[in-house]
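The values are calculated or read from the model by the stated rules, or taken from the named source; none is laboratory data. In this text the structure is predicted, and so the values were computed from the model without any measurement. Note that we place each Cβ from the backbone using ideal geometry, even for glycine, and neighbour counts take in every protein chain shown.
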Amino acid sequence: MSFAPGDTVRVSSRAHEGHHRAPGYLKGKIGTVERVHDRFLNPETRAYGKDGEPAKRLYLVGFELGDLWPTYRGDADDRLVADVFEHWLEPAS
Amino acid sequence: MERAVHDRGGWPTDAPVDRSEHELADWELLMDAIVGALSRSGAMNVDELRRGIESMEPAAYAAAAYYERWLFATETILAEKGLLASGELDERLSR
Amino acid sequence: MSGYHHDHPHEPVTASDEPAVAARVRALEELLLEKGVVDRDELRQRIDWLVSRTPADGARLVARAWLDEDFKVRLLADARQAALELDVDPGPSPVVVALENTDDVHHMVVCTLCSCYPKALLGPPPDWYKSLPYRSRAVSDPRCVLREFGLTLEDDVELRVVDSTADIRYLVVPRRPAGTDDLDEEALAALVTRDAMIGVSQPLAPA
């Protein structure tokens, strides 16, 4: 599944037992793709001695901080951006 | 959802950020270099290092200095790969 | 920086002011050298490289960007390539992204999962960047964290917290301070602090 800047996406909230880099505080949250990065070797398989192929597309995804934290103390426009791999993103309307 | 030990974004805490700094000690520079060398040679990549760190018990993770976590992870991964025998490092230390 | 000695006979003896872990790391080094898993010269080179990294390199990129709009465009498009243009070592990271602070937007970088940091351009990260409170609160209460660093952003400035979760390394290009029109690149670079390039403070004001 590939995404473009402006796409609304949800970070998957699936359980994943092993090493992965999708932060817990973003799982299940909805954001917007801001940038399309290169593909990178998959750290989830490299962490277990595999070569990390096939490389996975990385996206810079932006979130409203007020959406991430119910008691967020800041500006309504404050955002958080994070690099999320393609296989952790789902389309959201 | 239970968090892995390293997954700290938004982890409940009121602790202020302690801004004091220290220059890296020789042993820390050495630990950094060992990990870099292991990565270059293919003995242990950065993702394996991180996996090793993430296998720490929560109390140990929180109490450890940064490069102590790297040492723990390195020992764990190298032992897993048979590059360090069980107890070999302890035995060398006790000489 | 204290001297790094590894030429004397191998005994993992530590100075009395070193923690116990130091002996364990030296014993590990000893074993790995004996096994041929690591090479002594490479260890020394890596240490030399790390201790030679300083924020002055990042500051050069920022100062040049302040003075040269075309360079700034190139820096924002590909910071790694822009660094190489100035003979600045961008480090081993395959991608370095520079993020520009403006009148409307302020960036702040964290790595909540570990300590990812552009150390080639800024030197080793400070302890606080790697600390659990920073990693936790930079994403949940960033304006409070900034106030702890002495920085209060105006309400109409959008704060963008950047969680460096993967292979990209992020460098903040802070806003050029007022009253610096007369300064040359070297003088401008002297105003650019490490903390300003992480995004937890502003650059220094001119003298």
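When you scan segment C:160-182, do you find a residue that is touching a residue at least 12 places away in the same chain (Cβ under 8 Å), surrounded by fewer than 20 Cβ atoms within 10 Å (Cβ to Cβ) and among the polar types (S, T, N, Q), even just one?
Scanning segment C:160-182, I find at least one residue that is touching a residue at least 12 places away in the same chain (Cβ under 8 Å), surrounded by fewer than 20 Cβ atoms within 10 Å (Cβ to Cβ) and among the polar types (S, T, N, Q), so the answer is yes.
Any residue that is at pLDDT 95 or above, at positive phi and surrounded by fewer than 17 Cβ atoms within 10 Å (Cβ to Cβ) - is there at least one of those in segment C:26-41?
yes
Report yes if some residue within segment C:69-79 is over 21 Å from the mean Cα position of the chain (by Cα) and among the charged types (D, E, K, R); otherwise report no.
yes
Considering only strands (runs of 3 or more DSSP E) fully contained in chain A, which possess at least 1 residues that are of a type in the set (A, V, I, L, M), at the interface with another protein chain (Cβ under 8 Å from one of its Cβ atoms) and free of Cβ contacts under 8 Å to residues at least 60 places away in the same chain?
So the answer is A:56-64, A:79-85.
Would you mention how many residues in segment B:1-56 are under 30 Å from A:Gly66 (Cα atoms) and assigned to a loop (DSSP other than H, G, I, E, B)?
19
Does B:Ile77 count as out of contact with any Phe, Trp or Tyr (no Cβ under 8 Å at 6 or more places or on another chain), more than 21 Å from C:Pro133 (Cα to Cα), at the interface with another protein chain (Cβ under 7 Å from one of its Cβ atoms) and of a type in the set (Val, Ile, Thr)?
Details: out of contact with any Phe, Trp or Tyr (no Cβ under 8 Å at 6 or more places or on another chain): yes; more than 21 Å from C:Pro133 (Cα to Cα): yes; at the interface with another protein chain (Cβ under 7 Å from one of its Cβ atoms): no; of a type in the set (Val, Ile, Thr): yes.
So B:Ile77 fails the test.
Determine whether B:Arg69 is buried (at least 21 other Cβ atoms within 10 Å of the Cβ) and either at pLDDT 95 or above or within 9 Å of chain C (Cβ to nearest Cβ) (or both). Walk me through it before giving the result.
Working: buried (at least 21 other Cβ atoms within 10 Å of the Cβ): yes; either at pLDDT 95 or above or within 9 Å of chain C (Cβ to nearest Cβ) (or both): yes.
Considered against the rule, which asks whether it is buried (at least 21 other Cβ atoms within 10 Å of the Cβ) and either at pLDDT 95 or above or within 9 Å of chain C (Cβ to nearest Cβ) (or both), B:Arg69 comes out as yes.
For segment C:129-159, how many residues meet the condition of being touching a Ser or Thr at 6+ places or on another chain (Cβ under 6 Å), facing another protein chain (nearest Cβ under 7 Å) and surrounded by fewer than 23 Cβ atoms within 10 Å (Cβ to Cβ)?
Counting residues in segment C:129-159 that are touching a Ser or Thr at 6+ places or on another chain (Cβ under 6 Å), facing another protein chain (nearest Cβ under 7 Å) and surrounded by fewer than 23 Cβ atoms within 10 Å (Cβ to Cβ) gives 2.
Return the only residue of B:Ala85, B:Ala73, B:Ala4, B:Ala79 being touching a residue at least 12 places away in the same chain (Cβ under 8 Å) and closer than 24 Å to C:Arg26 by Cβ. Working first, answer last.
Values: B:Ala85 fails: touching a residue at least 12 places away in the same chain (Cβ under 8 Å); B:Ala4 fails: closer than 24 Å to C:Arg26 by Cβ; B:Ala79 fails: touching a residue at least 12 places away in the same chain (Cβ under 8 Å).
Every option except B:Ala73 fails the conditions.
Do the conditions hold for C:Asp70, that is, is it acidic (Asp, Glu), in the same structural domain as C:Leu183 (by TED's automatic domain parsing), surrounded by fewer than 24 Cβ atoms within 10 Å (Cβ to Cβ) and part of a loop (DSSP other than H, G, I, E, B)?
Details: acidic (Asp, Glu): yes; in the same structural domain as C:Leu183 (by TED's automatic domain parsing): yes; surrounded by fewer than 24 Cβ atoms within 10 Å (Cβ to Cβ): yes; part of a loop (DSSP other than H, G, I, E, B): no.
Here the answer is no, as C:Asp70 does not meet what is asked.
With the requirement that a residue be aliphatic (A, V, I, L, M), more than 7 Å from chain C (Cβ to nearest Cβ), closer than 24 Å to C:Arg40 by Cα and touching a residue at least 24 places away in the same chain (Cβ under 8 Å), what does segment B:23-61 give you?
B:Val35, B:Met44, B:Leu49
Given the conditions (1) more than 13 Å from the chain's Cα centre (by Cα); (2) at the interface with another protein chain (Cβ under 7 Å from one of its Cβ atoms), and given that B:Arg95 satisfies all but one, which numbered condition is not satisfied?
Every condition holds for B:Arg95 apart from (2).
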